[in-house]
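In what follows, a structure is listed as structure tokens, so that the remarks can point back to it.
The values are calculated or read from the model by the stated rules, or taken from the named source; none is laboratory data. Because the structure is predicted, anything quoted here is derived from the model rather than measured. With ideal geometry, Cβ positions are generated from the backbone for all residues, glycine too; neighbour counts draw on all protein chains shown. The accessibility values were calculated without ligands, DNA or RNA, using every heavy atom of the protein model including side chains. Shrake-Rupley method; radii C 1.70, N 1.55, O 1.52, S 1.80 Å.
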Number of protein chains: 2
Amino acid sequence: MSSFDKLTHHFQSISNLQHAYSMLSWDNASVMPSGGAEARSNAIAELSTLIHQKMTSPALEELFSEVEANDTINSASVREMKRQWSQATVLPEDLVRAKSIAGTKCEHAWRTQRGDNDWAGFEKNWAEVVKLSQEEAQIRAQAKNTSPYDAMLDLYEPGTTSESLELVFNDVKSWLPLLIDQVIEKQAFELVTLPQGHYPREKQKALGLDVMKLLQFDFEHGRLDESVHPFCGGVPSDVRITTRYDESEFIQSLMGIVHETGHARYEQGLPKSLAGLPAGEARSMGIHESQSLFFEMQIGRSNPFIAHLARLAEQHFGSSNSQQFSQDNFQKLYTRVKKDFIRVDADELTYPAHVILRYEIERDLINGKIKYTDVPELWNQKMQQYMGLSTEGNFKNGCMQDIHWTDGAFGYFPSYTLGAMYAAQFMAAMRKNIDVDSVIVSGDLTPIFSWLSDNIWSKGSLLTTDELVKQATGETLNPAHFKDHLRNRYL
Amino acid sequence: MSSFDKLTHHFQSISNLQHAYSMLSWDNASVMPSGGAEARSNAIAELSTLIHQKMTSPALEELFSEVEANDTINSASVREMKRQWSQATVLPEDLVRAKSIAGTKCEHAWRTQRGDNDWAGFEKNWAEVVKLSQEEAQIRAQAKNTSPYDAMLDLYEPGTTSESLELVFNDVKSWLPLLIDQVIEKQAFELVTLPQGHYPREKQKALGLDVMKLLQFDFEHGRLDESVHPFCGGVPSDVRITTRYDESEFIQSLMGIVHETGHARYEQGLPKSLAGLPAGEARSMGIHESQSLFFEMQIGRSNPFIAHLARLAEQHFGSSNSQQFSQDNFQKLYTRVKKDFIRVDADELTYPAHVILRYEIERDLINGKIKYTDVPELWNQKMQQYMGLSTEGNFKNGCMQDIHWTDGAFGYFPSYTLGAMYAAQFMAAMRKNIDVDSVIVSGDLTPIFSWLSDNIWSKGSLLTTDELVKQATGETLNPAHFKDHLRNRYL
Ligand SMILES: [Zn+2]
Ligand SMILES: [Zn+2]
């Protein structure tokens, strides 16, 4: 067996264990009875350890030194294997374990501390998470010769740096606050009605499945289930998406399904010839989010798609009040802008402000420019500056609102807004060749998905993010498309 | 760490992988979309290999030679670890792999060959399965100094031999055929009506869940789902049972749920202090089946329990025909005896004949006394002798009907009838201290389950089967209880 074949075989065997890990995680979140938790967490920990052992196997170093890749696909394959391997091997085992323990402890306590607005309690656990994350970032930075924060960013967005991020984020900051104010003023006297009624789970599920069919979710290779926090899990040949139903309100869950379907179709569309190999995986968190946001924001909130949603909702729920189920009302519901505290509830327009605020704080924290004790006050200042809202003493709706920092996932937040910008740029490029609105009106969205499949999904991680975006759109990330999209939709 | 602690740690880590294996198997059978099959079978194969590697790890031999167990629990723990280890290590890897490949191939082809009554086609694949199973049996026999068949039997029924089996099976053969004829004659003019109607899945499920509640299934530690072939899977802290609904008929599926609930409560009741260790597992296949059959035959088909079933079924399905839902009709339905070809559809009375026939054939086959080509004719002879039915040329309803032999699970069949006999013996012992019928009538079956928990479930594999049965009932296996039970119920 050649070194290349040995590497391939080794990574496929890791992928088999990751399959088990993903499925147990899905089961955990969606169907497992509570009493199964302890045995499950032991099984998941066992798999984690085995995956880490295989990923850091001493045999790999030699294989990487010997391997010769004889074409572009194989060399991309080796590049991506090497990336995963070096990310895993660079950290000492002790640090990995210590961070995992501190993160689990902090996250677990946070689940109640947040509700209690208990910053003092949270801070005690979080100090350790921040310290260990800074250590991690420094070790990774040394290996990659970057700043500590950039080394963390690279875990989620290979190739993206603070410098490149700030170019686009500063652009957004230059026009977003004014745009938000203009739109809020414009919407001030609009009449919007949230459909009121009882919407049984089973009926909401049937509606969700119809929308997934419209979006050509492949039910031979995936399922829709329920969990407290919606997610997209499983493996490319068997993608498990989840949602949560509120029987008094279906609007939010419905768009959540559209979002997760975007993630799912990316996974379902990854190159089958590279199944089980790093080069066959999704390119980055930002590109992943670009697909969910393409579905949610570019397709899902477009007028012609909202017409489908309104029609299907009326079919499933009948309507005592046809005004509530009108396209016009749905469109206003799905494009309502409001300055508010909570990122996960934010609309398309204010979302980037939430992300940029977090980016600026976590960057300085990981680079050691600020201390963890500075975070609440910085949060308050930036919320006032970007949104005109004070979070003085309001930790719960301020810096304690997200799960990400509780277990040290620093560097993740930028992916959300990168995704939104990539999605807008992909749509702009697509519109050059496809009459997108007519395609959506027709109800057969195949041309849209073929474009995404050809340009994004089927590429896996064969290209770098910059190459991928440039081949698909003719240019690297350009925030002008995002600005144009928002102005067109909201002004 | 002591050698004992090292062994414990090692087997717990195997158990974590078995957890993943069990859950992926459950997922496979109950919720996985068809397109997930290929990746799933790779993941399951990977876990199998890892489990086998860990079970045959060279480090174990030394640990076993060093270990000192300082009390009865620990020495039982070591005995059971050793049992699993020696069963896994005695076979050469090549044989394990060859048998697995031949078995998978034969079973897969059988799925269509059976329907086609294609013995000639089946025989071609089966020859290899039989040959490799004979090789396996010979290697195991040499290691244990037994006959080849007894070595296979020991995999499912540790401690049981052909000699001990024949003592009880010959006893059964001496009275069963006459009893069957007497009962059939007695039932000849009974009027029985299978409830006719449309019984929607959701309603059948709700009924099944009510019956599981009556049987005190612990829903904090388990679930009910659907699969083509009902089974009990998962892990003791999270037991997954399945059933299959036929919307035109609920009688069979309902009793299937009772059966699987028996398996499940055994698993749920295993000793938590030994979780993840061989000594904490179920004692044997026969004892496992004794619990499902205790639930299905001893409790489930008793008059007072059938009264509950009839009442609950009427609650869930209303009734246009109250005669169909009467206790009397349900009781006749659930105790109807018929000589027929198919084991899985057999009633309580004829079932042992199906098992004894298979036992006699597989014993001689594995011991090399007959050839695989002799099986159809032997089957035909024994069916005529025990049941008065000819299977001449009828392979589909004869020797090709079961899955067990297709992948070489020789030695398994006796467990079914051992289970039925143990169940009757447990009930006879229980009746000495508990007024079982009154307890069932009351609807609170706690005293019954406490007896099973104290005497069977909580013992795991701490005792040998003989010790377990003797401690619970005052004697080792005695088929007289089974005979008394059948005569009482059916004559
Ligand atoms: Zn997303
Ligand atoms: Zn059973």
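Structure notes:
- Cβ-based charge dipole, chain A, positive-most Cα from A:Ala480, A:Leu60, A:Ala29: A:Ala480
- For chain B, the normalised intensity computed at q = 0.05, 0.11, 0.14 Å⁻¹ comes to -0.19, -1.01, -1.73 (log10 of I(q)/I(0), Debye sum over alpha carbons, equal scatterers, no solvent).
- Of all residues in chain B, the one whose Cβ lies closest to the rotation axis carrying B onto A, together with that distance in whole Å, is B:Ala20, 2.
- Take every pair of alpha-carbon atoms less than 8 Å apart whose residues are at least six positions apart; their mean separation over the length of the range A:3-146 yields a relative contact order of 24 percent.
- Normalised by the number of residues in the range A:102-181, the mean separation of alpha-carbon contacts (under 8 Å, six or more apart) gives a relative contact order of 16 percent.
- Relative contact order of the range B:147-491, defined on C-alpha pairs under 8 angstrom at six or more residues apart (%): 23
- Sequence ranges A:166-177, B:40-51, B:18-29, ranked by mean other-Cβ count within 10 angstrom, highest first: B:18-29, B:40-51, A:166-177
- In sequence order, the range B:261-274 has phi-based couplings of 4, x, 4, 5, 5, 4, 4, 5, x, 4, x, 5, 5, 10 Hz under the Karplus curve 6.51 cos²θ - 1.76 cosθ + 1.60, θ = phi - 60°, and Gly or Pro positions carry x.
- Size of the range B:146-281 as Cα extents on the principal axes (Å, biggest first): 53, 51, 25
- Inter-chain neighbour count for B:28-39: the average number of beta-carbon atoms from partner chains within 10 Å of each residue's beta-carbon is 6.
- In units of the rule-of-thumb radius 2.2 N^0.38 Å, the protein assembly as shown shows an alpha carbon radius of gyration of 1.07.
- Straight Cα distances below 12 angstrom link A:Lys483 to the aspartates and glutamates A:Asp171, A:Glu348, with same-chain residues fewer than 8 positions distant left out.
- For B:Glu226, the residues whose amide H sits under 5 Å from its own are B:Thr243, ignoring neighbours fewer than 5 places away on the same chain, with H placed 1.01 Å from N.
- Centre separation in Å (Cα based) which lies between the range A:176-225 and the range B:87-112: 51
- Space enclosed by the convex hull of the alpha-carbon atoms of the range B:1-110, per residue, Å³: 127
- Accessible area buried at the B-A interface, both sides summed, 1.4 Å probe (Å², nearest 100): 2400
- Label geometry 7 Å along the beta-carbon vector: B:Glu163 inter-copy distances in nm: 8.5
- With a 10 Å cut-off around each Cβ of A:239-251, the average count of Cβ atoms from other chains is 1.
- Other copies of A:Gln196: label-to-label distances in nm, shortest first, labels 7 Å along the beta-carbon direction: 5.1
- Carbon + sulfur, % of accessible area of the protein assembly as shown - ligands and nucleic acids excluded, 1.4 Å: 50
- Point-charge dipole on Cβ atoms (K/R +1, D/E -1) for the range B:3-146, about Cα centre, debye to 20: 280
- Net charge dipole, chain A: roughly 460 debye, given to the nearest 20, about the Cα centre with Cβ charges of +1 for Lys and Arg and -1 for Asp and Glu.
- Pairwise Cα distances in the range B:167-219 exceed 14 Å for 74 percent of all pairs.
- Computed over the range B:212-353, the alpha-carbon pair-distance distribution with 10 angstrom bins reads 11, 38, 35, 14, 3, 0, each value a whole percent.
- Summing Lys and Arg as +1 and Asp and Glu as -1 over all other residues whose Cβ lies under 10 Å from the Cβ of A:Thr476 gives a net charge of -2.
- Most to least packed among B:247-258, A:135-146 [average Cβ atoms within 10 Å]: B:247-258, A:135-146
- Summing charges over all other residues whose Cβ lies under 11 Å from the Cβ of A:Gly233, with Lys and Arg as +1 and Asp and Glu as -1, gives -3.
- Greater than 25 Å apart at Cα, pairs in A:Lys203/B:Lys203; A:Lys6/B:Lys131; A:Lys105/A:Lys396: A:Lys6/B:Lys131
- Ascending list, in nanometres, of distances separating the A:Glu226 label from those of the other copies (7 Å, Cα toward Cβ): 1.7
- For residues of B:44-50, the mean tally of beta carbons on other chains within 10 Å: 4
- Put simply, the amide H of B:Ile370, placed in the peptide plane, has neighbours under 5 Å in B:Leu365, leaving out anything fewer than 5 places away on its chain.
- Approximate shape of the range A:323-374 as ellipsoid semi-axes (Cα gyration tensor, √5λ), whole Å, largest first: 36, 8, 6
- Pair-distance profile P(r), taking every C-alpha pair of the range B:338-407, with 10 angstrom steps and integer %: 21, 58, 20, 1
- Under Karplus coefficients 6.51, -1.76 and 1.60, residue-wise ³J(HN,Hα) of the range B:334-350 in Hz, glycine/proline x: 7, 10, 5, 10, 8, 6, 8, 7, 9, 4, 5, 9, 6, 7, 4, 7, 7
- Links that overshoot a 32 Å alpha carbon limit, given the list A:Lys338/A:Lys470; B:Lys144/B:Lys173; B:Lys272/B:Lys332; B:Lys144/B:Lys470: A:Lys338/A:Lys470; B:Lys272/B:Lys332
- Accessible area of the protein assembly as shown divided out per residue, in Å², using a probe of 1.4 angstrom: 42
- The residues neighbouring A:Met430, those whose beta-carbon lies less than 12 Å from its own, together hold a net charge of -1 under the Lys/Arg +1, Asp/Glu -1 convention.
- Straight-distance crosslink candidates among aspartates and glutamates, where the alpha carbon sits under 17 Å from B:Lys205 and sequence neighbours closer than 8 are dropped: A:Glu202, B:Asp218, B:Asp225, B:Glu226, B:Asp246, B:Glu247, B:Glu249, B:Glu260, B:Glu314
- About the centre of its Cα atoms, the protein assembly as shown shows a dipole size close to 840 debye [charges on the beta carbon of Lys, Arg (+1) and Asp, Glu (-1) only; nearest 20 debye].
- Between amide H atoms placed 1.01 Å from N, distances below 5 Å from B:Glu249 occur with B:Tyr199, all of them 5 or more places distant or on a separate chain.
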